[in-house]
Ligand code: HMG
Ligand code: MG
């Protein structure tokens with residue numbers, strides 16, 4: 001298999017990276033983070049999450065973030081919308097793209113969005129319909145594709161089934177989430193093999209958390225399968241509030257460094273991205289989990 005010539009990065013730091021932070025981060029810091037990421041050449045930023053503020057207090061300022069951000073040409077600013085209520089609020093804020101998020105695990109679905117997998121798909125259908133009317137594209141996430149904090153092993157066939165449902169409902173792309181970062185390369189390849197039987201490979205994205213330090217290796221494995229969209233988080237920030245012990249996404253700086261080494265174009269300025277990682281981790285008092293970011297800062 002050949003590597004893709006170009007890879008698109010989906011920067012999830014402002015959402016996935018920050019959603020689990022226990023201390024409320026002020027909106028101005030979030031807006032500066034989003035702006036710096038755009039300035040570094042990131043073309044897609046998941047900026048906010050229109051979920052219940054009772055469930056995820058850190059994302060409660062979603063309206064202020066979405067309406068306050070300085071839009072750059074060529075950058076897509078997206079938000080999570082788990083239901084119609086979230087979508088309507090996001091539309092009021094001028095969002096141009098949203099994402100629904102389901103899971104390949106029943107137990108995780110219940111903990112994360114308070115409904116079964118089947119119920120979640122029923123909830124997403126009107127979200128997709130309404131988004132289509134409003135000319136807003138919808139991305140779909142599937143969580144727990146390589147393991148679940150409650151159920152353990154997850155069958156690749158289950159991942160394929162939920163992914164297919166999201167795709168057929170109208171999601172233009174399905175992002176496959178190793179929510180708790182337990183996957184290994186062979187397992188990741190097998191999962192992709194199962195999903196690509198249902199959905200074209202160019203409609204899939206890899207969303208790997210790095211809890212067990214395997215995310216880059218897993219990415220390398222799925223890039224070889226032809227995956228051309230990678231979700232990542234600057235400085236490796238983050239975790240999911242409903243997956244205890246889960247750490248951040250693979251660091252964006254590390255992904256860009258890997259892709260540069262493979263001769264794959266991203267259009268991202270690594271130095272500026274790394275400076276952003278240093279700045280945000282110092283600002284919120286977190287360790288920088290990007291090895292590349294730390295190495296560049298030490299130069
Ligand atoms: P629910 O309690 O079943 O919903 O929650 P409900 O419709 O019964 O409403 C209950 C209350 O929530 C009501 O308020 C609603 O108004 C409010 P109350 O009457 O009690 O004052 N509500 C909302 N408020 C704001 N925005 C909304 C909204 N919807 C209802 N959109 C719900 C269902 C989905 C809302 C809830 O479970 C929730 O917010 N969950 C958040 C889950 C979450 O954000 N998880 C983290 C993101 S997913 C992730 O990180 C994984 C990913 O990165 C991929 C991977 O790594 O695998 C994407
Ligand atoms: Mg995630």
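Only residues that are within 13 Å of ligand 1 (Cβ to nearest atom) and surrounded by fewer than 23 Cβ atoms within 10 Å (Cβ to Cβ): list them for the range 247-263, please. So that I can check it myself, show each step before the final result.
Within the range 247-263, the first condition is being within 13 Å of ligand 1 (Cβ to nearest atom), and the residues that meet it are 247-250.
The one that is within 13 Å of ligand 1 (Cβ to nearest atom) and surrounded by fewer than 23 Cβ atoms within 10 Å (Cβ to Cβ): 247.
Yes or no: residue 174 over 27 Å from residue 19 (Cα atoms), touching a strand residue (DSSP E or B) at 6+ places or on another chain (Cβ under 7 Å) and at pLDDT 95 or above? So residue 174 does not fit the description; no.
What residue, of 223, 216, 262, is at pLDDT 95 or above and touching a helix residue (DSSP H, G or I) at 6+ places or on another chain (Cβ under 7 Å)? Step through it out loud before you land on a result.
Values: 223 fails: touching a helix residue (DSSP H, G or I) at 6+ places or on another chain (Cβ under 7 Å); 262 fails: touching a helix residue (DSSP H, G or I) at 6+ places or on another chain (Cβ under 7 Å).
Result of the check over 223, 216, 262: 216.
Being in contact (Cβ under 8 Å) with a residue 60 or more places away in the chain, more than 14 Å from ligand 1 (Cβ to nearest atom) and not in a helix (DSSP H, G or I), is that true of even one residue in the range 43-62? Yes, some residue in the range 43-62 is in contact (Cβ under 8 Å) with a residue 60 or more places away in the chain, more than 14 Å from ligand 1 (Cβ to nearest atom) and not in a helix (DSSP H, G or I). Residue count for the range 80-90 under the criterion of being buried (at least 22 other Cβ atoms within 10 Å of the Cβ) and either away from ligand 2 (no atom under 14 Å from the Cβ) or part of a loop (DSSP other than H, G, I, E, B) (or both): the result is 4.
Summed over the range 227-244, residues that are at pLDDT below 95 and closer than 11 Å to residue 209 by Cα total 3.
The set of residues in the range 105-134 being over 22 Å from residue 78 (Cβ atoms) and not in a helix (DSSP H, G or I) consists of 105, 114, 115, 116.
Being in a helix (DSSP H, G or I) and buried (at least 20 other Cβ atoms within 10 Å of the Cβ) is the filter here; which residues of the range 188-215 pass it? The answer is 188, 191, 192, 195, 215. Where residues in the range 136-168 are part of a helix (DSSP H, G or I) and closer than 16 Å to residue 113 by Cβ, which of them is farthest from ligand 1 (Cβ to nearest atom)? In this case the residue turns out to be 165. Contact map, the range 1-27: residues that are touching a residue at least 60 places away in the same chain (Cβ under 8 Å) paired with residues that are assigned to a strand (DSSP E or B) and surrounded by fewer than 16 Cβ atoms within 10 Å (Cβ to Cβ), Cβ distance under 6 Å, separation 6+ or inter-chain. Pairs shown: 6/265.
The values are calculated or read from the model by the stated rules, or taken from the named source; none is laboratory data. Predicted model only: the values in this text are computed from it and were never measured. Methodologically, a virtual Cβ is constructed for each residue, glycine included, from the backbone with ideal geometry; neighbour enumeration extends over all protein chains shown.
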